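Some notes on the structure that comes next.
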Amino acid sequence: MSPYLASLAGGLLIGASAVMLLILNGRIAGISGIVGRLVQGAGLTTNLAFVLGLLLGPMAYLSLFGGWPQIEITTPWPLIALAGLLVGFGARMGSGCTSGHGVLGLARLSSRSMAAVATFLATGIAAVAVLRSIGL
């Protein structure tokens, strides 16, 4: 199987689910917002279904392809946890995450989303440059 096929299929599924949520419910498929509303108890049915779909996705992959993809993580877990917390903080501070701004915001030609995605990318590039310069 081509190494790009799983990524292509995943991208198509993300796009399709985002479009379906927008068309059927009028909601933006921003994961941070969906999880935030779920924690607050708002829109339980829709938000829970979306989050469960995200969690069950790997099981669908396993049943379709018969195994897990080979992934090697060499970064220490404390650094990964810190990065996750910073991403969550930034998503709340930026009023959205890469899924909401990057998938639907850009498709809707939102200037706010364009600025947010440019910030995400610039910050990611800077973080990689800094971490590589200190040997991490």
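What the table below lists for this structure:
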{"item": "Cβ crowding within 10 Å averaged over residues, with 42-48, 52-58, 28-34, 13-19 ranked highest first", "result": "28-34, 13-19, 42-48, 52-58"}
{"item": "Kyte-Doolittle at least 0.0, axis length at least 30 Å by Cα - qualifying DSSP helices, the chain", "result": "44-65, 111-133"}
{"item": "Carbon/sulfur fraction of accessible area - the chain, other protein chains in place, 1.4 Å, %", "result": "73 percent"}
{"item": "Accessible surface of M114 - all protein chains present, 1.4 Å probe, nearest 10 Å²", "result": "90 Å²"}
{"item": "Inter-centroid distance (Cα atoms) of region 39-71 relative to region 1-33, Å", "result": "12 Å"}
{"item": "Shape category assigned to region 31-133 from the gyration tensor of Cα positions, a/c cut at 1.5", "result": "oblate"}
{"item": "Calculated FRET efficiency for the pair I73/T123, C-beta based, R₀ 22 Å, to 0.05", "result": "0.55"}
{"item": "Relative contact order computed over region 1-72 (Cα-Cα under 8 Å; 6+ residues apart), in percent", "result": "13 percent"}
{"item": "Difference of contour (0.36 nm per residue) and Cα-Cα distance, S63 to L44", "result": "4.1 nm"}
{"item": "Length-normalised contact order for the chain - Cα pairs under 8 Å, 6+ apart - percent", "result": "25 percent"}
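The values are calculated or read from the model by the stated rules, or taken from the named source; none is laboratory data. Values in this document were obtained by computation on a predicted structure and should not be read as measured data. Positions of Cβ are generated from backbone atoms using ideal geometry, with glycine treated the same way; all protein chains shown enter the neighbour counts. The area values use the complete protein model at the heavy-atom level, side chains included, leaving out ligands, DNA and RNA. Shrake-Rupley method; radii C 1.70, N 1.55, O 1.52, S 1.80 Å.
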